[in-house]
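To keep things clear, I will list the structure first and then write my remarks on it.
Laboratory data are not the source of any read-out in this text; all were calculated from the coordinates shown. Values in this document were obtained by computation on a predicted structure and should not be read as measured data. When we count neighbours, we look across all protein chains shown, and the Cβ atoms used for this are built from the backbone with ideal geometry, even at glycine.
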């Protein structure tokens, strides 16, 4: 973990309520896809955790949805604004278990961390499929970007306005894969759990106090004992999760 | 009273711990010298009252001393910063009672409101004397400016580094005047009260809640009943004050 | 078209926004700034049997997200309130006003309430048994269920107007006080009064307030106020006027979900004289945001 | 050269800065960030007789100038604390540590304290009778002078180490609790624990915390904590560990002037993991600003 100041390079709306923020700063502590940063926001007490979408050449990319007070203020912040970030938080995804043809499963604003994961997997010579679920076509994010990285992308939308009609689980039913990596809302996880054919990893969300394991604010029970989502997670392996 | 947004044009140190801030905004509610503004400062709850040094052509001039949290933050604020101000607060000095040759008595950071008062008195054709007391030469403010307005200026410094050695009361002992207007610390007022030869007005300071008469935070007793420094004051007449 | 109407102890309010006692004087300072008839009502400056100057100054201190005050019930006394303040208020306020009353003995409370009961302008009596800034009285009635009940009974005897008892948060168990007041006949409860706090001047090494301690108000006390309103709503089924740090229409919604029928806005009026007006103007938009058509339907909605 | 040394119940501290229980784990997360031997000491995670998972999540909520937590005393239990946590701590912390203990019965407290009494690494026992987030226990001991005294006596019987009782602010009269603990043999007192608060999610219309209510900490509670430390210092002459929203060296000075011998830094560590280190680094400069040569000389200086 590192505490340092980042400067906003850009902060633009890319879909309904969804923003992309690029920041310049010290990303040396960001070692794995699936980690997050914890951002100090002027006027609020607690930092706000946001998953890392990408981090390279000194530029950190975050894609976040405006869901409350914190993200509302973030969405207002313009170029040049300086923010205190804690970086290198969380365990992140373990790509060593992916096998040769892993599947990424993303739901809505859970998709961003899969971008950096996809990059890493492809750089490791794996052939990646990505199944992405959204409510409707206007909410689709990162599909093109994942294709551009070389992933086979499958889309599902609840209203059928793009890809197959239904949930992301409807898009993966017939796919072959060696392992899976999922990020999205809990209901999606429960659905994936029913249909997934292999081992895999899930990235969980929880309200956090500190984000680095001190306050026990985000604990959960697993088959291997209590874990802190912020430090022992946010990524847990399918086998250890108690649903 | 008016609530409006002002923008800082300049904010520079002019003496030890003393700053001059010029702001652009709606000054139409500032009707009398001796009034004050109440400034909302980012990160603090209560507004901070600062006496008006001058207000003309849409420019408000404040001269303030860094004495605590609020003024420390103010001193950091640069050009272009926008602040919410309540203007037109307080009764201000009544120049109709000045007679032909009034005396202004100022101590330290109490001097600024006397500048706007001096301007008004001179515009009314009065011949103005100003006696100013400071700790040492480096703390002298507005002496030249008052001279430039046409006032006869007398200086006293505690260490004798400028003007007569001693307190402002040592500078006024031999002066002739038709009325006096005083602004400064309470000990100075008590000293003035002992030597003053005429009627006059004192401008008082107090910790305020609202600054416009609602909270009763700055009440004082007078011979004519309880008064609120922020609304019935800050200027009180010599005859009504209970020392 | 949303409705912001609520019913407080039998009287209808156009909206639940009530500037709190001690932050709104007798209304006319604010009537110079905007038409105060847009308010649900307001609670006027705490009134006692005799005139009071209150505590020595300084009476005010800055705090994180709030302030301390130790005014100490400065007021002209009930005679002048009736002979001077109410007639002056009549010129700028057509609605029933909430009369806030304090005292130093049960008889004090009864006397002052009986006098104000005869005034047509008065819609409710808000009986403050929780002022932290006066000695021998004030808060002491608010920290003991028996004393709280005694004041309530005495006041109920002398008035037909709805009696709202204003409770102190500086207690181990506010629910027991609330129940005692209700059983003694209170028509409603208002909470919370200020939290007892203090600041010290590090340069002089002395308390900032001449009174040493003062009452803490502002957004900092909102979570404590919300918790107490929630707890009291579970225990007594009389209307609650929720207050403590409310500064936005969002706060109003949250406090009503906790169980408040109406809310008082206090410290916010001192930092922004237009705060209560802005909250009233924002309410319809915020109600739509949370899909609320009729504000009175969300009272206690979080239970 | 200024001195920041203070003496807490017979043990000397290089400085009065003590990260508070529940915000510093068992130290080693922070030892990865800086050498924690610069601390006066720290109070480790509240420990109970049996292991506890604590409350369901969400356990955390944002507040004005602070936060709510309802962790509910998650800890591995005293056996594992002794067999695993303390040995691991030894590798990164050479000083006596403050052992924070909670329980659900007088016997619980006595059992856990007796076990920890045998550990050389433990310098003080901080007995938490004020946790607002557990039911049937915790705070109930801290709101009744008799129960507080009973816990204190039971713990004193089983240990020779200094016993510091951690008091709840959610009471009508904290002084009466403080006196009861002192008369029962407490060597020191620490205050305040968190203020009971609540937030409601306006979209779901349900409490934000799964536990409904939680403990409020952060700068928002500082004025209340300062007032209580000031009142308790007037009443009892045993050392006080002051806490509640301390986030800067300036706050440390103010709390010590109120009567604190040492201070605990809590929520600040969660927002800035380097907060305690920064406060220690700032202390000498701030002491010079207020013309303080020897920090221990200002304890209670505002009285």
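Just a few scattered comments:
- Highest average first, the peptides D:161-171, D:2-12 ordered by how many other beta carbon atoms sit within 10 Å of their residues are D:161-171, D:2-12.
- Equivalent ellipsoid semi-axes, region A:195-241, via Cα gyration tensor eigenvalues times 5, rooted, Å: 22, 11, 7
- The protein assembly as shown: antiparallel DSSP beta bridges as a percent of all, rounded to 5: 55 percent
- Take every DSSP beta bridge whose two residues both sit in region D:39-178; close to 30 percent of them are antiparallel.
- For region A:1-15 versus region A:92-130, the gap between their alpha-carbon centres in whole angstrom: 23 Å
- Alpha-carbon centroid distance for the pair region A:200-215 / region C:67-97, whole angstrom: 53 Å
- In terms of packing, defined here as the mean over residues of other Cβ atoms within 10 angstrom, the peptides A:186-197, B:205-216 line up highest first as B:205-216, A:186-197.
- Label 7 Å beyond Cα on the Cβ vector: residue D:281 copy-to-copy distances, nm: 4.6
- The mean number of partner chain beta-carbon atoms within 10 angstrom of a residue's beta-carbon across peptide D:191-202 is 6.
- Rounded to 10°, Cα long-axis angle of helix B:112-123 versus longest principal axis of chain B: 70 degrees
- Sum of -39500 (n - 2.57) over DSSP H runs of 4+, divided by residues of chain B (222 nm, nearest 500): -4500 deg cm²/dmol
- Taking every residue in B:199-209 and counting other chain Cβ atoms within 10 Å of its Cβ, the average works out to 3.
- Globularity index of region D:195-303 is 1.25 (Cα radius of gyration / 2.2 N^0.38 Å, N = number of residues).
- For region B:119-243, the equivalent ellipsoid derived from the Cα gyration tensor has semi-axes of 27, 17, 15 Å, listed largest first.
- Normalised contact order of region A:2-89, rounded percent, pairs of Cα under 8 Å and 6 or more residues apart: 42 percent
- Shape of chain D, Cα gyration tensor, a/c cut at 1.5: rounded
- For residue C:205, the distances from its label point to the matching points in the remaining copies are 5.7 nm, ordered from shortest, with each point set 7 Å beyond Cα toward Cβ.
- Separation between Cα centres of region D:239-289 and region A:27-76, rounded to whole Å: 29 Å
- Whole-number percent relative contact order across region C:184-303, with pairs defined as alpha carbons under 8 Å at least 6 apart: 24 percent
- The mean count of C-beta atoms from other chains within 10 Å of the C-beta of residues in C:203-213, rounded to a whole number, is 4.
- In chain D, the DSSP beta bridges split such that about 40 percent are antiparallel, to the nearest 5.
- When each of the peptides C:26-38, C:88-100 is scored by how many other beta carbons lie within 10 Å of its residues on average, the order from highest to lowest is C:88-100, C:26-38.
- Global form of region C:68-200, assessed from the alpha-carbon gyration tensor, a/c cut-off 1.5: oblate
- Annotation: average projected area of chain A is 12.1 square nanometres, based on the convex hull of Cα atoms across all directions.
- Distances between copies at residue C:297, taken between label points 7 Å from Cα along the C-beta direction, are 6.9 nm in increasing order.
- Mean residue ellipticity (222 nm) of chain C, computed from DSSP H runs ≥ 4 via -39,500 (n - 2.57), nearest 500: -8500 deg cm²/dmol
- Least to most buried among D:159, D:112 (fewest other Cβ within 10 Å first): D:159, D:112
- For the protein assembly as shown, the C-alpha radius of gyration sits at 1.00 times the compact-globule guess of 2.2 N^0.38 Å, with N the residue count.
- Three-way shape call for region B:2-89 based on the alpha-carbon gyration tensor, with the a/c threshold at 1.5: rounded
- The relative contact order of chain A, computed from alpha carbon pairs under 8 Å that lie at least 6 residues apart in sequence, is 18 percent.
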